[in-house]
Structure formats: C-alpha cells, structure tokens
C-alpha cells in the first residue's frame with residue numbers, strides 16, 4: 001500500500017518536472033529577427049526562438065525519425081521542433097553559426113536546448129568544452 005501511495009505522489013511530480021524542463025532556456029521576450037549583417041555570415045534571417053545551452057553527441061544509434069545517425073552530419077536533436085525543421089544555431093560567445101536540420105529528440109539534460117551532432121558542434125567550437133551558450137533561429 002505504501003508503494004502505491006509513493007507512486008501516486010511520484011508520477012505527478014515527474015510529469016510536472018518534465019513540463020518545467022521543456023521550457024528551460026526559452027526566452028519568450030527575445031523574439032525578433034537577425035539582421036542581414038549577421039556576424040557569422042551564415043544564412044542571415046530567421047526568427048529567434050530560444051536561447052540556452054547546447055551540447056553534442058556522437059553515438060551511432062538511429063535517430064528518432066529513423067535515420068542512421070551521422071556524427072559529421074549537420075543535424076541536431078530538439079525536444080519539440082518538427083523533424084526536418086532547419087535551425088540556425090549561433091554560438092553567443094564567438095558569433096560562429098551553423099544551420100542544422102532537426103532529425104532527433106533531446107536533449108534530456110536540464111538547461112540544454114539543443115543537442116548537436118559532432119560536425120556542427122566542431123564548426124561552432126563546442127567540442128573542447130562540450131557545451132556552449134547559443135541562440136536558435138528557426139529558418140522554416
């Protein structure tokens with residue numbers, strides 16, 4: 001009986017925690033457009049939709065949309081964006097930018113807004129530290 005009571009209390013708490021985590025890093029007040037004089041020179045435009053921490057991963061499993069994972073591919077994982085969405089990722093410390101296609105789900109670490117394949121992470125200069133502060137711009 002104690003186990004049922006604990007489980008009854010635990011499940012709603014976990015569900016609430018998942019909801020709170022999904023909004024992590026969302027900067028609702030910072031929506032706007034990136035000007036044509038983009039410091040990084042990568043596909044100027046798009047609407048800023050999120051700011052937060054990016055990380056990268058190199059495992060070889062299939063992605064959530066069924067593709068074989070390609071560590072060098074310009075792809076990324078996002079919790080909510082539809083598969084196939086193109087996102088410009090700008091490293092806020094360096095101004096470097098890449099355009100990635102969403103083909104996986106994640107990240108599932110607190111405070112992270114996107115998980116990049118190794119290729120785009122390397123282009124942004126994130127592979128040494130493993131994480132970095134980024135701004136995400138939805139391109140389509």
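The values are calculated or read from the model by the stated rules, or taken from the named source; none is laboratory data. These numbers were taken from a predicted model, which means no experiment stands behind them. As a convention, Cβ positions derive from the backbone with ideal geometry for all residues, glycine included, and neighbour counts pool all protein chains shown.
Here are the numbers for the structure shown:
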| read-out | value |
| --- | --- |
| Which numbered condition residue 79 fails, given (1) within 16 Å of residue 50 (Cα to Cα); (2) part of a loop (DSSP other than H, G, I, E, B); (3) more than 12 Å from the chain's Cα centre (by Cα) | (3) |
| Checklist (1) in a loop (DSSP other than H, G, I, E, B); (2) within 14 Å of the chain's Cα centre (by Cα) applied to residue 60, failing item | (2) |
| Condition broken by residue 109, with the remaining ones in (1) closer than 20 Å to residue 136 by Cα; (2) out of contact with any strand residue (DSSP E or B) (no Cβ under 6 Å at 6 or more places or on another chain); (3) at pLDDT 70 or above; (4) surrounded by 13 or more Cβ atoms within 10 Å (Cβ to Cβ) satisfied | (4) |
| Conditions (1) more than 10 Å from the chain's Cα centre (by Cα); (2) crowded, with 16+ Cβ neighbours inside 10 Å: number failed by residue 84 | (2) |
